[in-house]
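These notes are about the structure you will find just below.
The values are calculated or read from the model by the stated rules, or taken from the named source; none is laboratory data. Since we're looking at a predicted model, the values are computed, not measured. Positions of Cβ are generated from backbone atoms using ideal geometry, with glycine treated the same way; all protein chains shown enter the neighbour counts. SASA here: full protein model, heavy atoms, side chains in, ligands and nucleic acids out. Shrake-Rupley method; radii C 1.70, N 1.55, O 1.52, S 1.80 Å.
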Amino acid sequence: MQLIKDQKIIDDPQQFIADDQPLPSQGNITVSLARWQKDRTQLLKTAGKLGVRLEPTDATATIADDLSKLALVEVNFPLYTDGRAFSHARHLRHHYRFQGEIRAVGQFMADQVFYLSRVGVNSFQLADTEKLPIALSTLKDFSSSYQ
Amino acid sequence: MYQYNDTDQTLINERVAQFKNQTERFLKGEIAEDHYRSLRLMNGIYIQTHAPMLRIAVPYGLLSSVQLRKLAHIARTYDKGYCHVTTRQNIQFNWPELAQTPDILAELATVQMHAIQTSGNCMRNTTSDPLAGVCIDEIADPRAYCEIIRQWTSFHPEFAYLPRKFKIAVTGATHDRAATKFHDIGLHLVKNHSGECGFIVYVGGGLGRTPVIGQVIKPFLEPKHLLSYLEAILRIYNLFGRRDNKYKARIKILVREEGLENFTQLVEAEWATIKDGTELSQDRINAIQAHFKPPAYETLSSQNNGYSDQLQNDVAFAKWVKYNTADHKVSGYRAVYLSLKAPEVPPGDLTDGQLDAIADLAEAYSFGEVRTTHRQNLIFADIKLTDLFTVWQKLTALNLATPNIGTATDIICCPGLDFCSLANAGSIGITKEINAALDDMDYVHDLGDIKINFSGCMNGCAHQSVGNIGILGVDKKGVEWYQLTLGGSSENDAAIGERLGPAIAKQEITAAILDILDVYVKERLNSDEHFLTTVKRIGLDPFVEQVYATH
Ligand code: SF4
């Protein structure tokens, strides 16, 4: 699947493993926070880049100590109106100084990526990949900011 | 008042371009209806009964004559020749075409105006004391802080998709004219014992279905920490505010469910991680304050023979001065209210002709500025005593001098069934009826200070629950009924009105209001005892007896 990362449209090198799927021993994989907590030891042995997906109700603090082991944290939008992902991203980037990839996933809108980019999200996996070019163009909507 | 710099202007222009593009994509079917809804709301566009409604931000109520003329032009060109002042000091147009709204926003941008974040689940326009900078009870001028907050809240990337709308009000006077205790955050500028300015921060106030009086979360916040403290509150609200039920989503419910103590701990813990290094510099505060320097006042005496004679010789003028003007901190000046509550006129409405004429008067007599008030009137902040008589005559000719500010006919009224798709009952018609029944101005003046607030449904846009008399439209099997409350106040003695009894039928509501006023006149200790004081002293029973005996 394609996504935007660092202002380019690329093929996703990462694979999300649903909680009921077996864990592969290698590859770049992302799992839910629950899976991470359950299978952490096994996951840390995976040959590849690791990611964790945060739901709106998850607390960033729960993975704070593991951030150095993660290449990716996903913030999920079950609904585009659920703005908790914005604060999660901001916490990860500014409070925990996470340097890796922060990716928005789920039901967010192309027209939200500018604000997402401003709170530290640097990759965008839109449910509708046809909207990727529009999303990319909206990253240039504003040339400065108040905050 | 604040003047945009290049960055401000660029941002507003970019926003206009962004929304134009979004609207074009929507009209081509490229943005889903429900996605576009949230985008248009954040640009001030509601869809209501007849047409889209456009709500324009008037930052903390300040308008220039140039902006007024632009509003007049918009009223003429894109609307039916009028606009409406809201309880949050904004301006609404009721009849624009959706496809034209980007053009209206482009026109507004040319005079440093916008409609950004005037609706939607985001941080709304910051409101303030309409007498800021001129009133005699001011501790410190709140306007520079309002502007700092305006900038910070505008396009804030993290807090654009909150659980629900979020409103901030700031006052710097001892008398609260901005209903700050009924805002999500209320800020009171105060001085500590060493004479330094700071804020008392109130949190969790609100009206609507569940009216709540805000509580103090921080007794003294240094101005340099203003934005980081707001950020901490907003972040906690964004993360923990309820999103499962829109009627429980305001911060007041979070504060209530967490308890003030826990909520405060969460905020303080968050604040501790962000406060250092993000302080507002004194330079920045000074730079913004420079935009609000006092205008070039003349040195005038507080006594003027001509003015004294006019007061003495013209009873109507003297009444108007008594009710529609306020003391000014500079001698030889007064602040003048323009009453938008003339009988027969929908409360808070202004025509394009009035807007243009007000702009001319502002330029001739009040340094080119006007303010909007929470009670849906306007103010010329700086009128010389020697100009008062002329200004009164000109305002009278414009039907803007009804001497009823703060009285029973200065009713806050929402658009109700006539315009609002959520309404249960009409409000404008009944307000006219009450006005007609109170056509004896001497009686109205004898009643004194009474605040009547009238909302067409539970959403309470006209803040009926804090009206001294509150009127709420309810729907009973498709018929319009009205629920009355007594004893509310949005000022220093903040209180939520108590329900008088069962709802009252439409044809009897005006008579019920008259009954309430009669009981007050009979029961008050003397003509100096305010309505609210009488209600507190005697309780609801005498009112209940009278109202329900006859109806
Ligand atoms: S109170 Fe109700 S009827 Fe009145 S404007 Fe608000 S939503 Fe509409």
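Inside 10 Å of the C-beta atoms of A:72-83, what's the mean count of C-beta atoms belonging to other chains?
Other-chain Cβ atoms within 10 Å of each residue's Cβ, averaged: 3.
Mind giving me the nanometre distance, one decimal, between the label points for residue B:522 and residue A:146, set 7 Å out from Cα along Cα→Cβ?
Simple spin-label model gives 5.3 nm for this pair.
How large is Rg over Rh for region B:305-397, taking Rg from the Cα atoms and Rh as the Kirkwood inverse mean of 1/r across Cα pairs?
Reported Rg/Rh, Kirkwood definition of Rh: 0.95.
Residue B:331 versus residue B:261, label points 7 Å from Cα toward the beta carbon: distance in nm?
5.4
Along the positive direction of the dipole of the protein assembly as shown (beta-carbon charges: Lys, Arg +1; Asp, Glu -1; about the Cα centre), which of B:321, B:351, B:304 reaches farthest?
Projecting each Cα onto the dipole axis, the largest value belongs to B:351.
Which value, in debye to the nearest 20, gives the size of the charge dipole of the protein assembly as shown about its Cα centre, when Lys and Arg are +1 and Asp and Glu are -1 at the Cβ?
That gives the protein assembly as shown a dipole magnitude of about 1640 debye.
Regarding region B:468-551, what whole-number volume in Å³ per residue does the convex hull of its Cα atoms give?
86
Where does the charge balance sit around residue B:68 when Lys and Arg score +1, Asp and Glu -1, over other residues with C-beta under 14 Å from its C-beta?
-2
Does region A:45-147 come out rounded, prolate or oblate by the C-alpha gyration tensor, with a ≥ b ≥ c the root eigenvalues, rounded set by a/c under 1.5 and, if not, prolate when a/b is larger than b/c and oblate if not?
It is prolate, given that a/c is not under 1.5 and a/b is the larger ratio.
By how many degrees, between 0 and 90 and to the nearest 10, does the Cα long axis of helix A:33-44 differ from the longest principal axis of chain A?
For A:33-44 against chain A, the angle is about 60 degrees.
Treating only the Cα positions of the protein assembly as shown as identical point scatterers, give the base-10 log of I(q)/I(0) from the Debye formula at each q in 0.08, 0.12 Å⁻¹.
So the normalised log intensities are -0.66, -1.36.
If R₀ is 22 angstrom, what is the calculated FRET efficiency for the pair residue B:418 and residue B:77, using the beta carbon separation as r and rounding to 0.05?
My answer for the efficiency is 0.45.
For the interface of chains B and A, what total accessible area is buried with a 1.4 Å probe, rounded to the nearest 100 Å²?
What B and A bury together is about 2900 Å².
Scanning chain B for helices, which whole DSSP H stretches are 27 Å or more long along the axis (Cα) and average 1.6 or more by Kyte-Doolittle?
none
Could you order the peptides A:30-39, B:3-12 from most to least packed, using the average number of other C-beta atoms within 10 Å per residue?
By packing density, highest mean first, the sequence is A:30-39, B:3-12.
How big is the equivalent ellipsoid of region A:22-96 along its three axes, where each semi-axis is √(5λ) from the Cα gyration tensor, reported in whole Å from largest to smallest?
22, 13, 10
Would you work out which of B:288, B:422, A:145 lies farthest towards the positive end of the dipole of the protein assembly as shown? Charges go on Cβ: Lys and Arg +1, Asp and Glu -1.
Working it through, the farthest residue towards the positive pole turns out to be A:145.
How big is the Kirkwood radius of region B:6-109, worked out from every pair of different alpha carbons and given in Å to one decimal?
14.2
Go through B:347-356, B:429-438 and give me the packing order, highest mean Cβ count within 10 Å leading.
B:347-356, B:429-438
What dipole magnitude, in Debye to the nearest 20, does region B:134-291 give about its Cα centre under +1 on Lys/Arg Cβ and -1 on Asp/Glu Cβ?
For region B:134-291, the charge dipole is close to 840 debye.
With the Cα gyration tensor of chain B giving a ≥ b ≥ c as the square roots of its eigenvalues, does the rule (a/c under 1.5 for rounded; else a/b larger than b/c for prolate; else oblate) give rounded, prolate or oblate?
Judged from the Cα gyration tensor, chain B comes out rounded (a/c under 1.5).
Quick one: order A:142, B:367 from most to least accessible surface, probe 1.4 Å.
The ordering from most to least exposed comes out as B:367, A:142.
Calculate the mean, over all residues of peptide B:234-241, of how many other protein chain Cβ atoms lie within 10 angstrom of the residue's Cβ.
If you average over the peptide's residues, the count of other-chain Cβ atoms is 4.
With charges only on Cβ, +1 for K and R and -1 for D and E, what is the dipole size of region B:6-109 about its Cα centre, in debye, rounded to 20?
Computed about the Cα centre, the dipole is about 300 debye.
Could you tell me which trypsin sites (Lys or Arg not before Pro) in region A:63-147 are loop residues by DSSP with no more than 14 other beta carbons within 10 angstrom of their beta carbon?
In loop regions of region A:63-147 (DSSP not H, G, I, E or B), the sparsely surrounded trypsin sites (Lys or Arg not before Pro) are A:97, A:140.
Under 8 Å for C-alpha pairs, at least 6 residues apart: give me the relative contact order for chain B, rounded to a whole percent.
In percent, rounded to a whole number, it is 12.
Taking a ≥ b ≥ c as the square roots of the eigenvalues of the Cα gyration tensor of region B:134-291, is the shape rounded (a/c under 1.5), prolate (a/b larger than b/c) or oblate?
Here region B:134-291 falls in the prolate category.
Where in region B:1-82 are there GluC sites (Glu not before Pro) that are in a DSSP coil and have at most 15 other Cβ atoms within 10 angstrom of their Cβ?
Taking region B:1-82 and a limit of 15 other Cβ atoms within 10 Å, the loop GluC sites (Glu not before Pro) found are B:30.
Please list, in order, the residues from region A:95-124 whose amide nitrogen is less than 20 Å from a point placed 7 Å along the Cα→Cβ vector of residue A:2.
A:103-114, A:122-124
Could you work out how far the C-alpha centroid of region B:318-364 sits from that of region B:230-285, in angstrom?
Here the two parts' Cα centres lie 39 Å apart.
Work out which residues of region A:99-133 lose at minimum 40 square angstrom of accessible surface when the other protein chains are put back, relative to the chain isolated, with a 1.4 angstrom probe, and list them by number.
At a threshold of 40 Å² (probe 1.4 Å), the residues of region A:99-133 that become less exposed are A:109, A:111, A:115.
Only Cα pairs within less than 10 Å get springs; with that Gaussian network setup on chain A, which residue of A:25, A:117, A:87 has the largest fluctuation?
Looking only at A:25, A:117, A:87, the biggest GNM fluctuation is shown by A:25.
When the accessible area of chain B is computed with all protein chains present and a 1.4 Å probe, what percentage of it is carbon and sulfur?
50
Once you put a point 7 Å from the Cα of residue A:67 and another 7 Å from the Cα of residue B:103, both along the Cβ direction, what distance in nm separates them?
Placing both labels 7 Å beyond Cα along the Cβ direction yields 5.0 nm.
How many angstrom lie between the C-alpha centres of region B:175-212 and region B:482-540?
Here the two parts' Cα centres lie 26 Å apart.
Which trypsin sites (Lys or Arg not before Pro) from region B:276-359 combine a DSSP loop assignment with at most 15 other Cβ atoms within 10 Å?
Qualifying residues, ordered by number: B:329.
Along the charge dipole of the protein assembly as shown, Cβ charges K/R +1 and D/E -1, which of B:208, B:253, B:35 sits furthest on the positive end?
Looking along the dipole axis, the top candidate is B:35.
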